[in-house]
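Inspection log for the structure reproduced underneath, given as structure tokens.
What follows is calculated from the coordinates using simple rules that are stated; it is not laboratory data. None of the values given here were measured: they were computed from a predicted structure. No Cβ is skipped: glycine too gets one built from the backbone with ideal geometry, and neighbour counts run over all protein chains shown.
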Amino acid sequence: MWEVRRADASIPIKVLRTTTESSYGFMPSYRKTWMAKQKAVARIYGDWDESYTVIPHATVNGPVESVAPRSAE
């Protein structure tokens, strides 16, 4: 079960809930499953704040001007 969740972050909540029920014998609520998935994705791929600071900020006079010089006018 862990390998499936780690391999694909786009697995629907419904599948995670039913897999949890078949493995552990209880059905977690949709909300708890969604929250756990969000935490797992953030742990594996990093959270939005970290990702945002890593990406260089594009400005109108930066990359756009180098591709289309007159677009900044």
task = Sum up the charges of everything whose Cβ sits under 15 Å from the Cβ of D47, counting Lys and Arg as +1 and Asp and Glu as -1, but leave D47 out.
result = +1
task = Would you order D47, D8 from fewest to most other beta-carbon atoms within 10 Å of each residue's own beta-carbon?
result = D8, D47
note = With label points set 7 Å from each Cα along the Cα-to-Cβ direction at Y30 and D49, the distance between them in nm comes to 2.9
